[in-house]
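Novice: Sending over a structure as structure tokens; questions will come in a sec.
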Amino acid sequence: MVSAPQLHRRDHVLTGARILILEDQVDVADRLVAAVTDAGGDVVAVARTIDRALALIQSEAISAAIITMSVGGVHTEAAARELIRRNIPFAVTTGIGSLARNPALHGALSITKPFQNEYVQMVLADLLGRRSDQ
């Protein structure tokens, strides 16, 4: 697991970014949407299933993604692998902390539930900054 650097919160740090969210918990998804939109980002969609996320990854322009570690008890490794294949940076939300059991998630930044909106914004800004540095 890679830790996010300390960033200073800036309003609209995500302006122009198109973020996909894969999350099946409605309350968590709502908080993630608020974090993205409050910082000026656009939410492409909130996918509540892995199949829906895969369809969106294959058909939409996505700047970065936030995916939960599992949906309905199924690990989201297939979505992570497709994001990696398409060179789309992503972070993983988890309530249990460790991503080590899922190789496709191993190098991802982690957002541990419960989270602060500002932290989500900083992680996404970092992901987008890394992408532009490449």
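The values are calculated or read from the model by the stated rules, or taken from the named source; none is laboratory data. Quantities reported herein were computed from a predicted structural model and do not represent experimental measurements. Backbone-built Cβ (ideal geometry, glycine too); neighbour counts: all protein chains shown.
Novice: Can you name every residue in segment 68-82 that is hydrophobic (A, V, I, L, M, F, W, C) and over 13 Å from residue 51 (Cα atoms)?
Specialist: From segment 68-82, those hydrophobic (A, V, I, L, M, F, W, C) are 69, 71, 74, 78-80; that's our starting set.
Result: 69, single match.
Novice: Restricting segment 35-51 to residues that are of a type in the set (D, E, K, R) and in contact (Cβ under 8 Å) with a residue 12 or more places away in the chain, which is farthest from residue 116 (Cα to Cα)? Reasoning before the result, please.
Specialist: If we filter segment 35-51 for residues that are of a type in the set (D, E, K, R), which is where we start, we get 38, 42, 48, 51.
Filter again for in contact (Cβ under 8 Å) with a residue 12 or more places away in the chain, leaving 38, 42, 48.
Values: 38: 12, 42: 19, 48: 21 Å.
By that ranking, first place goes to 48.
Novice: Of the numbered conditions (1) at pLDDT 95 or above; (2) within 23 Å of residue 27 (Cβ to Cβ), residue 117 satisfies every one except a single condition; which is it?
Specialist: Every listed condition holds for residue 117 apart from (1).
Novice: Mind listing just one residue for me: the one in segment 59-95 that is among the hydrophobic types (A, V, I, L, M, F, W, C) and touching a Lys or Arg at 6+ places or on another chain (Cβ under 8 Å) and, of those, modelled with the lowest pLDDT?
Specialist: In the first step, residues of segment 59-95 are kept if they are among the hydrophobic types (A, V, I, L, M, F, W, C); the result is 61-62, 64-67, 69, 71, 74, 78-80, 83-84, 88, 90-92.
Add one more test, that the residue is touching a Lys or Arg at 6+ places or on another chain (Cβ under 8 Å), and what stays is 61-62, 64, 71.
Numbers: 61: 97, 62: 98, 64: 98, 71: 93.
This residue is 71.
Novice: When both residues are 6+ apart or on different chains and their Cβ atoms are under 7 Å apart, which pairs have a first residue that lies in segment 57-86 and is at negative phi and in contact (Cβ under 8 Å) with a residue 60 or more places away in the chain, and a second that is assigned to a helix (DSSP H, G or I) and surrounded by fewer than 21 Cβ atoms within 10 Å (Cβ to Cβ)?
Specialist: Between residues of segment 57-86 that are at negative phi and in contact (Cβ under 8 Å) with a residue 60 or more places away in the chain and residues that are assigned to a helix (DSSP H, G or I) and surrounded by fewer than 21 Cβ atoms within 10 Å (Cβ to Cβ), the close pairs are 63/128; 64/128.
Novice: Restricting attention to segment 96-109, does a residue exist that is surrounded by fewer than 14 Cβ atoms within 10 Å (Cβ to Cβ), at negative phi and modelled with pLDDT of 95 or more?
Specialist: No, every residue in segment 96-109 fails to be surrounded by fewer than 14 Cβ atoms within 10 Å (Cβ to Cβ), at negative phi and modelled with pLDDT of 95 or more.
Novice: For residue 31, all conditions in the list (1) in contact with a strand residue (DSSP E or B) (Cβ under 7 Å, 6 or more places away or on another chain); (2) among the charged types (D, E, K, R); (3) crowded, with 16+ Cβ neighbours inside 10 Å hold save one; what is the number of the exception?
Specialist: For residue 31, the failing item is (1).
Novice: Oh, and also: Under the condition of being among the hydrophobic types (A, V, I, L, M, F, W, C) and closer than 10 Å to residue 20 by Cβ, which residue from segment 37-60 is surrounded by the most Cβ atoms within 10 Å (Cβ to Cβ)?
Specialist: Filtering segment 37-60 down to residues among the hydrophobic types (A, V, I, L, M, F, W, C) leaves 39, 43-47, 50, 53-57.
Retained after the next criterion (residues that are closer than 10 Å to residue 20 by Cβ): 43-47, 53, 56-57.
Details: 43: 18, 44: 21, 45: 16, 46: 21, 47: 25, 53: 27, 56: 20, 57: 23.
Of everything passing the filter in segment 37-60, 53 is surrounded by the most Cβ atoms within 10 Å (Cβ to Cβ).
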